[in-house]
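This report refers to the structure that appears directly beneath it.
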Amino acid sequence: MLPQGLVDIGAFVYYNGAQVICKETKIEINESIPAHVTTEILDYCLKCDPQIELTMEVKDEWFSLRELDYISSMNTQSNPVVKPLKELKQYDATKILLSGNNYSSGLIEKFQGRVNILITDNNKLVQIMPLLASKEMAITKLCELYNVELDSVIVFGDDHNDVGLFKKAGYSIAMGNAIRELKEIADEITVNNDENGVAVSLERFCG
């Protein structure tokens, strides 16, 4: 989506801040869930629901316990690679995802203080991330690397995982389709994703 010139000098934040890649400086920052905690989470979720829709992201790879059709249901470009449970337990996970109606109410209480858990997509997606991973932490690290003040940063967002980012950055813009909580703390509200809300605001700023 970006011209190669911008890609070559850009800094990119993935997995809600668990992975940061700075193309120009070749710096890469990764946060992960230790394998022994990954194992505990997998065992707990499977005990609650043996048929749970659980997938795991490990840096740039996406795994699941069984065949899941996310190309149709979530409009992804590919489906996760199926791996046996024994192998999944060996990974330091970048993120663990629970989709559908598979949220276990005891998950947050059991693992609070060990991982960062966010519920997004109208309560249909549980994102379990490393404790220190968040968009605001990633942006803070980037600002330190580039010697940029957080007050000069403009951010866009639409869901619960953007709340911390909005509170940290200098200027926040909520998408038209954003959750109510985000709109209430935003400095500005643009049009929705389908109407190119980010581009609308950027073109105005750039004149």
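See the values below:
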| item | result |
| --- | --- |
| Candidate set: the stretch 43-75, residues that are at pLDDT below 85 and open to solvent by less than 40 Å² (accessible area, probe 1.4 Å); chosen: the one farthest from Y15 (Cα to Cα) | L68 |
| Looking only at the stretch 147-175, and only at residues there that are out of contact with any strand residue (DSSP E or B) (no Cβ under 9 Å at 6 or more places or on another chain) and part of a loop (DSSP other than H, G, I, E, B), the one that is farthest from E188 (Cα to Cα) | N147 |
| Among the candidates E144, E184, residue that is at pLDDT 95 or above, open to solvent by 70 Å² or more (accessible area, probe 1.4 Å) and assigned to a helix (DSSP H, G or I) | E184 |
| Residues located in the stretch 41-67, provided they are assigned to a loop (DSSP other than H, G, I, E, B), touching a strand residue (DSSP E or B) at 6+ places or on another chain (Cβ under 7 Å) and more than 11 Å from L98 (Cβ to Cβ) | K59, L65, R66, E67 |
| Only one of Q19, Q112 that is over 14 Å from the mean Cα position of the chain (by Cα) and among the polar types (S, T, N, Q) | Q112 |
| S78 vs. criteria of a type in the set (S, T, N, Q) and in contact with a strand residue (DSSP E or B) (Cβ under 7 Å, 6 or more places away or on another chain) | no |
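The values are calculated or read from the model by the stated rules, or taken from the named source; none is laboratory data. The structure displayed is predicted, hence computed values, not measured ones. Using ideal geometry, Cβ is built from the backbone for each residue, glycine included, and neighbour counts are taken over all protein chains shown. Only protein heavy atoms, including side chains, enter the accessible area calculation; ligands, DNA and RNA are left aside. Shrake-Rupley method; radii C 1.70, N 1.55, O 1.52, S 1.80 Å.
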